[in-house]
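**Student:** Input: one structure, supplied below.
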Amino acid sequence: MAAAEEKGMDALSLYRCAASYAWDDMKELCRRSGRRISETKNMPGGDRQASCLRKALVSGDEWKNTALHICIFNGAPLDAIDALLTVAERCARPKVDLTRLQTSDGSTPLLIGCATGAHVDVLRLLIDKSSDAKAMAILCDGRGRTPLLELCEWYDQKGRWKVKPVAPSLDRIRSENELETWMSMRFFWERAKVVLAAASGHRTDTASLLIYESSAQASPGIPPILSELIYRIQWEKKRNDGERCCLTALDIAISRETDVSSWTEEHFYNNAYYVRHLLRTYPTAARLLERKKKQSPLCLAIASGLRWENSDRTNSNVIPGPVQSIWEAIPDALMCKDDKSGGVYPFMLAACFESDDRTGVETVYNLLRLSPQLIDTCTTPQIAAEST
């Protein structure tokens, strides 16, 4: 403490406090430094004092970890983090926003807090102190991971094991009520709501992209029930943008650019659940997408390798796949040729794709079962002559 009293705050003293869990020393260091800034604010050399403090706060190690990053990672108490953020606010011209600083891999303090399961009050403090909480709440690191995705992985890998009985993994949750059934699930959900509340005012189409990428393409990723709740929050907040948001999400979910070659059954199931929820919420989105893309969404989904129906990893639950959900939204799509695929009907397009399991055959069978009249339509005179 004597060193802190004599020379004030510097990067080394901050690092020592953060790395050695010396939270009381850190609070005292911040208190003294803040008082010194206030006392010298209008005195000669006052700007130099503020500059030194700013440098100490933003200085990072070789991986650009600042003292705040280390504090969050080491589970610092709320009052120690608050003291650090409060003294940063004393630095004028320009002010320092420690919450926006990123490490060499792009991690913000909020991302680290979500990845380590920091207390909900710590996450709330980081968001409240940020100059742009909305952007920070959906900001990706270098690997494309959002705070919400980090939080989900923390729960599945560590959080759900902390309280007995052990709660199910997020991908097993199918009802909002289940989020309140398990104590560890409630701990997760109160953290998730803080992040969602901050992100809900951001551009809906940008948020849709990040949410879908997390829910369908990352493993374990954000489960369907959470995607559903996220969209409910967004739509309730900006109802007029809901359909546009849904349109963008549906386009991403069934796009030809979707690479399903490495998907597991869990990924297919989550994708199917997600598309079905989107079309139940806004059934007209399929029609709007058809006008926007000038292509049948049914053929778009088939060309992406999506299925008629999907089952979970245990094969105990079977739900309609994206192809069936789109057919229910626009039944006449079965009778429309896809000009972008060579003028073929949906069942013909599905038959063009090789499949190692029964899912591809089931897709062709169900499409043909619902439009048997196409057999006669597709029979050319040449084929008829050869058959006789």
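**Student:** Suppose a student asked you for the relative contact order of region 48-159, using Cα pairs under 8 Å spaced at least 6 residues apart; what percent would you report?
**Tutor:** Working: 136 pairs, mean separation 26.7, N = 112.
Rounded, it is 24 percent for region 48-159.
**Student:** Same structure again: Order 142-150, 130-138 from most to least packed using the mean count of other Cβ atoms within 10 Å.
**Tutor:** With the highest mean Cβ count within 10 Å placed first, the list reads 142-150, 130-138.
**Student:** Which entries in the list LYS64/LYS134; LYS55/LYS95; LYS134/LYS293 go over 20 Å, if you measure between the two C-alpha atoms of each? Please report the intermediate quantities before stating the final value.
**Tutor:** On the way: LYS64/LYS134 23 Å; LYS55/LYS95 12 Å; LYS134/LYS293 30 Å.
Long pairs (Cα-Cα over 20 Å): LYS64/LYS134; LYS134/LYS293.
**Student:** Related question: May I ask for the net charge around GLU328, where only other residues with Cβ less than 15 Å from the Cβ of GLU328 are counted and Lys, Arg are +1 while Asp, Glu are -1?
**Tutor:** Details: positive: ARG276, ARG280, ARG287, ARG307, ARG369; negative: GLU290, GLU309, ASP332.
The answer is +2.
**Student:** With the cut-off at 29 Å, tell me which of the pairs LYS129/LYS292; LYS164/LYS193; LYS162/LYS193; LYS129/LYS164 have Cα atoms farther apart than that.
**Tutor:** Values: LYS129/LYS292 41 Å; LYS164/LYS193 23 Å; LYS162/LYS193 20 Å; LYS129/LYS164 34 Å.
Distance filter (> 29 Å) returns LYS129/LYS292; LYS129/LYS164.
Every number here is computed from the coordinates shown, using simple stated rules; none is lab data. In this text, all values refer to a predicted model and were calculated from it rather than measured experimentally. A quick note on method: Cβ atoms are made from the backbone with ideal geometry, for glycine too, and the neighbour counts reach across all protein chains shown.
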